[in-house]
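Below you'll find the structure, written out as structure tokens, and then a few comments.
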Amino acid sequence: MDSTSDASPTSPRRESVWLDWQWYVVLVVALLIRGGIGYLQYENFSEDPDSYRLLADNILRIHSFTLDDPAEPTAFRPPLYPLLLAVTSISRNVLPEEVLLLHVVLGVVTVGLTFFWSIQMGLGRWRSLAGLLVAIDPILLNQSTLVMTETLATCLAILTLVAVSSLVTKNLASDDARGSRDATISAINIAGAIGLAIFCRPTFLVWAAVLPIAIWFCCRGWKLRISSVLAYGLMLLFLLAPWVVRNLLVFEAPVLGTTHGGHTLLWGNNDSYYEYLRSGSTPVWDNTEFHRRFARRNPNLGTSASELSRDRAAYREAIDTMKQNPDMAAYSALVRFTMFWRLLPNALSDEESSKRMLVRYAIGAWYLVQFALVIAGLFALGKDLRKPGWIAALMLLASFTLVHIFFWSNMRMRSPLVPILAVLACAGIELFWNRLSKR
């Protein structure tokens, strides 16, 4: 990987991260941290909170993407993560140690890509710190010990950002044949990365729709810009088509994401939750009865048709609830925004132990400092935020925030944004460092 043209002209040029000793030190530290936390929380890898292990087991055992046996094809969860669990299971049993190893590798790759992206963005001086901030991030550490998609989604998010910034580094300043070829290849790489991200978490669809804006500014000259955007769009359609066609055959409907979206929209927009927001006294909303009532109204018949109908029913009920209660819909959107960007985890009960409370407040202090540095970093970057790499990054921040204003939200939902926040925090640190150095 070669360094930068999204970087500032005054930033030191580095020929290759493969020759950078800091790269290897950061990767080893990340390996020890992620491996260590995985070892300490090893029992978590035996659990299956979102049925991804079940999906992987069925892929291996009956060669079908299904939650049930006999097989009824499903689209309730995105396909990439369970497929990856299945492919990387040497034992063909998706053992806890295999999931641990996969998550450690994904975590180390994420740290390495953040290290490189910080160089691309002109913050090479702080490249090691950027990588380490990702390695020790509390949200990512917690999610790395769970059989869930956050670890993979974060890796694919930063991979896409590296791909976007790499298009800039080609220095595509002309419309000659070589420039057009390089632009096309780079745009295809971006489509490949974001396509994988969508198959991991459909929330990336919104980002994928606006990424052509960043791609447009990566190139100079109308021909290169148009050809790059077209290459990106055509390749993305090509990658997404098999999943859509498969779902069209299974559900007789072109499901682009999953059949889970209606549930997550309804989860944050229902009468029970609105009533909790009005007068609830417990730290966390108890949604048990809400799910029971929905299941009674829309029983799961164990068929693909039932799965789709339940999803559509959830969408209709959520939209009707929002229309009937516009004030609460607006207020709940504000609550979800604060849940997405909150500093510390929720207290799970009124009888919280002092140890857990201490951990929560320590996490809150961590994010308070980081967010202050992020704000300083945005101020320090100023006009540099108009560079394609930062345009893509800011659009990712905005798109995830927008989606989770409407759909159910909590801190872990912002996991894929952590590398961006880490690099922005490094920009803030550089601002303070430079001012202190002048004294």
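The values are calculated or read from the model by the stated rules, or taken from the named source; none is laboratory data. This one's a predicted model, so the numbers in the text were calculated from it and none came from an experiment. When we count neighbours, we look across all protein chains shown, and the Cβ atoms used for this are built from the backbone with ideal geometry, even at glycine. Please note that ligands, DNA and RNA were not included when accessible areas were found on the heavy atoms of the full protein model with its side chains. Shrake-Rupley method; radii C 1.70, N 1.55, O 1.52, S 1.80 Å.
When peptides 205-215, 88-98, 160-170 are sorted by average Cβ neighbour count within 10 Å, with the highest value leading, the order is 160-170, 205-215, 88-98. When all protein chains stay in place and ligands, DNA and RNA are ignored, the 1.4 Å accessible-area order of His63, His404, His291, His263, largest first, is His63, His291, His263, His404.
Per 0.36 nm of contour for each residue apart, how much would the distance between Leu249 and Tyr331 grow if the chain were fully extended, relative to their Cα-Cα spacing?
Numbers: separation 82, 0.36 × 82 = 29.52 nm, distance 3.96 nm.
Residue separation times 0.36 nm, minus the Cα-Cα distance, leaves 25.6 nm.
Net charge dipole, region 296-439: roughly 380 debye, given to the nearest 20, about the Cα centre with Cβ charges of +1 for Lys and Arg and -1 for Asp and Glu. Nearest 0.05, what FRET efficiency do Gln22 and Leu402 give at R0 = 30 Å with Cβ-Cβ as r? Efficiency for this residue pair is about 0.25. In a reduced charge model with +1 at each Lys and Arg Cβ and -1 at each Asp and Glu Cβ, the chain shows a dipole moment near 1400 debye about its Cα centre. For the residues Leu234, Leu141, Leu60, a GNM of the chain with alpha-carbon springs under 10 Å puts the largest fluctuation on Leu234.
Checking understanding here: applying a Kyte-Doolittle mean of at least 0.0 and a length along the axis of at least 24 Å (C-alpha), which whole DSSP H helices in the chain pass? Present the calculation step by step, with values, prior to reporting the outcome.
Values: long enough: 21-40 (29 Å, 1.46); 96-120 (36 Å, 1.40); 150-169 (28 Å, 1.81); 177-200 (35 Å, 0.95); 222-251 (42 Å, 1.45); 304-324 (30 Å, -1.04); 354-381 (40 Å, 1.27); 388-406 (28 Å, 1.77); 418-437 (28 Å, 1.41).
Correct list, ordered by number: 21-40, 96-120, 150-169, 177-200, 222-251, 354-381, 388-406, 418-437.
Reducing region 275-331 and region 189-219 to their Cα centroids gives an inter-centroid distance of 30 Å. The alpha carbon centroids of region 354-373 and region 85-106 are separated by 31 Å.
Using +1 at the C-beta of Lys and Arg and -1 at the C-beta of Asp and Glu, which of Leu249, Gln22, Pro299 has the Cα lying farthest in the positive direction of the dipole of the chain? In the chain, that residue is Gln22.
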